[in-house]
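Participant: If you scroll down you'll find the structure; I have some questions about it.
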Amino acid sequence: MTNQTTKSTLPFLVKACLGQQLERPPVWLMRQAGRYMKEYRVIRQKTDFLTLCKTPDLAAEVSLQPYHAFGMDAVIMFCDILIPPEAMGLTVTFGNGGPSIDNPVRAVSDIERLVVPDPIQSMGFVTDLLQRLRKALKDDLHTALIGFSGAPWTLATYMIEGGSSKNFAFIKGLMFENPKALHQLLEKIAETVILYLNAQIEAGAQIVQLFDTWAGILEISQYREFVLPYHQKIIDSLKKTGPEGDPVPVILYVNNSRGLLPCLAEAKPTVISLDTTTSITEARAILADTPFGTAGVLQGNIDPVALFSPPEALKPIVQDVLKAGKNTRHIVNLGHGILPPTPPENVTLLVDTVKNSAALF
Ligand code: CP3
């Protein structure tokens, strides 16, 4: 199932990111490639997760699986946010309990040892993957290719905690005891992210998404000190156009962002991706008096757990989000990544409901 359009050379999702009025909102899903798909599990049975990320032909196949199966308006490259920390010098492994870093950053000397890697030399499999995906999509002018990176705060949580965390004791400890050292680390990560995302744009990413999943654990003054300046620096340093001269929008996602939305706006992303705790209507009201204003584009925010519901319960939920987003510059997505128990038929229902929604608009 591919999409064709000859209206303009810009992909549909890029047009939506730029605020153009379209016949319906675009739809794609965070973590749209993954374990809820049988085709993905077949490949994962033979290949461990990191090897999959680092093998461009397999990663390309997996990236395209949801596009072929459901026809989303975008393909997001298959990779993980913990690839750059590995390139900076840490040892990253993925077990059944999630990611783990064997040599976490705990002392100033650990921060000093980290490198700002050359993205092509150390993460060339990512740029190779993007080039392959652009080739695979060359006859499809409709579908956008998305690149991404974790943002400094979220990457620092994994690098310091050594994996996923409940109370973030080590990174908060460093924040309270030695904020200067934490800034030194965040600065190094920000430099890495800038080089990495610019290499992705050069390799063909038409949109980039910055994931700052764990920035929502902070109170506003902490966010202003340890998160916002790095978002600003990254967004200001990204290439504004791709190799063909097309604009490259930036989508910013923070989980639990409700009280922080005005601060997200200050970094001036093209699109703010909402989690499930703020409705689209509420987010519009909160953002009205910020630089994002009423003209900014919002992405989200169907609850990933709603996708476990029977079709008759799910359909009105999707329709409600469509109605809330109607005429307000909206991209349909989830409030967080899709979860492994999701029935694929519900993804079909979601995507088809959005694609058939033109009559609503
Ligand atoms: O959207 C996509 O389809 C692209 C792929 C993608 C993955 N991870 C693949 C993945 C993206 C965009 C990510 C981002 C990511 N990774 C984030 C930020 C977004 C978010 O969800 O908050 C974070 C925090 C991570 C770190 C990470 N990676 C964790 C905590 C885990 C374990 C939890 C889990 O879902 O298993 C991963 C592993 C991971 N990343 C998987 C996938 C498909 C599962 C690996 C497997 O096949 O076992």
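What follows is calculated from the coordinates using simple rules that are stated; it is not laboratory data. Owing to the predicted nature of the structure, the values given are computational and were not obtained by experimental measurement. So basically every Cβ, Gly included, is an ideal-geometry build from the backbone, and we count neighbours across all protein chains shown.
Participant: Which whole-percent values make up P(r) of region 85-162 when all C-alpha to C-alpha distances are grouped in 5 Å steps starting at zero?
Facilitator: Spelled out bin by bin, region 85-162 gives 3, 12, 19, 19, 16, 13, 9, 6, 3, 1, 0 percent.
Participant: Using the number of other C-beta atoms within 10 angstrom as an exposure proxy, rank 214, 153 with the fewest first.
Facilitator: Neighbour counts put them in this order, fewest first: 214, 153.
Participant: For the chain, give the share of DSSP beta bridges that are antiparallel, in percent and rounded to the nearest 5; count only bridges with both residues there.
Facilitator: 20
Participant: What ranking do 42, 193 get, fewest neighbouring Cβ atoms within 10 angstrom at the top?
Facilitator: Ordered from fewest to most neighbouring Cβ atoms within 10 Å, 42, 193 come out as 42, 193.
Participant: Enter the angle in degrees (range 0 to 90, nearest 10) between the Cα long axis of helix 228-237 and the first principal axis of the Cα atoms of the chain, meaning the one along which they spread out most.
Facilitator: 70
Participant: From the P(r) of region 150-308, can you give the percent of Cα pairs sitting at distances over 25 Å?
Facilitator: Taking all Cα-Cα pairs of region 150-308, the fraction more than 25 Å apart is 32 percent.
Participant: Report, by chain and number, residues whose modeled amide H sits under 5 Å from the one on residue 163, excluding near sequence neighbours (fewer than 5 apart, same chain).
Facilitator: Counting only residues 5 or more places away or on other chains, the set is 101.
Participant: Using the Karplus equation 6.51 cos²θ - 1.76 cosθ + 1.60 (θ = phi - 60°), what ³J(HN,Hα) coupling, rounded to whole Hz, does each residue of region 324-338 give in order, writing x for Gly and Pro?
Facilitator: In residue order, the calculated couplings are 5, x, 3, 6, 10, 6, 9, 10, 7, 7, 8, x, 7, x, 5 Hz.
Participant: Another one. Can you give the log10 of the normalised intensity I(q)/I(0) at q = 0.28 Å⁻¹, computed with Debye over equal Cα scatterers of region 202-262?
Facilitator: For the requested q values the scattering log ratios are -1.17.
Participant: As a footprinting exposure proxy, order 250, 351, 75 by other Cβ within 10 Å, with the fewest listed first.
Facilitator: 250, 351, 75
Participant: Just the Kirkwood number for region 150-229, please: inverse of mean 1/r across all distinct Cα pairs, in Å, one decimal.
Facilitator: Roughly 13.3 Å, rounded to one decimal.
Participant: For region 266-319, evaluate the Debye formula with one uniform point scatterer on each Cα (no solvent term) and list log10 I(q)/I(0) at q = 0.26, 0.29 Å⁻¹, rounded to two decimals.
Facilitator: At q = 0.26, 0.29 Å⁻¹ the computed log10 ratios are -1.00, -1.14.
Participant: Using alpha carbon centroids, what distance separates region 228-248 and region 282-303, in Å?
Facilitator: Between the Cα centre of region 228-248 and that of region 282-303, the gap is 20 Å.
Participant: Bins of 10 Å, beginning at zero and ending with the bin holding the largest distance: percent of Cα pairs per bin for region 30-158, please.
Facilitator: Percent of Cα pairs in each bin: 11, 40, 33, 13, 2, 0.
Participant: Follow-up question, since we're still on this one. Calculate the FRET efficiency for residue 167 and residue 220 from the Cβ-Cβ distance with a Förster distance of 22 Å, rounded to the nearest 0.05.
Facilitator: Computed FRET efficiency for residue 167 and residue 220 comes out at 0.65.
Participant: Tell me the net charge near residue 106. Cut-off is 14 Å between Cβ atoms, residue 106 excluded, with +1 for each Lys or Arg and -1 for each Asp or Glu.
Facilitator: -3
Participant: Given N residues in region 1-84, what is Rg(Cα) / (2.2 N^0.38 Å)?
Facilitator: It is 1.24.
Participant: Also: Residues with beta-carbon under 13 Å from that of residue 173, excluding residue 173: net charge, scoring Lys, Arg +1 and Asp, Glu -1?
Facilitator: Its environment carries a net charge of 0.
Participant: Taking every alpha carbon pair in the chain, what does the distance histogram look like in 10 angstrom bins from 0, in percent?
Facilitator: 5, 25, 36, 26, 7, 1
Participant: When the helix-only estimate is applied to the chain (DSSP H runs of n ≥ 4, each -39,500 (n - 2.57), divided by the residue count), what is the mean residue ellipticity at 222 nm, nearest 500 deg cm²/dmol?
Facilitator: -14000 deg cm²/dmol
Participant: Moving to a separate point now. Name the long-range amide H neighbours of residue 74: under 5 Å, sequence gap of 5 or more, or other chain; modelled H, no Pro or chain starts.
Facilitator: Close amide H contacts, sequence-distant or interchain: 144.
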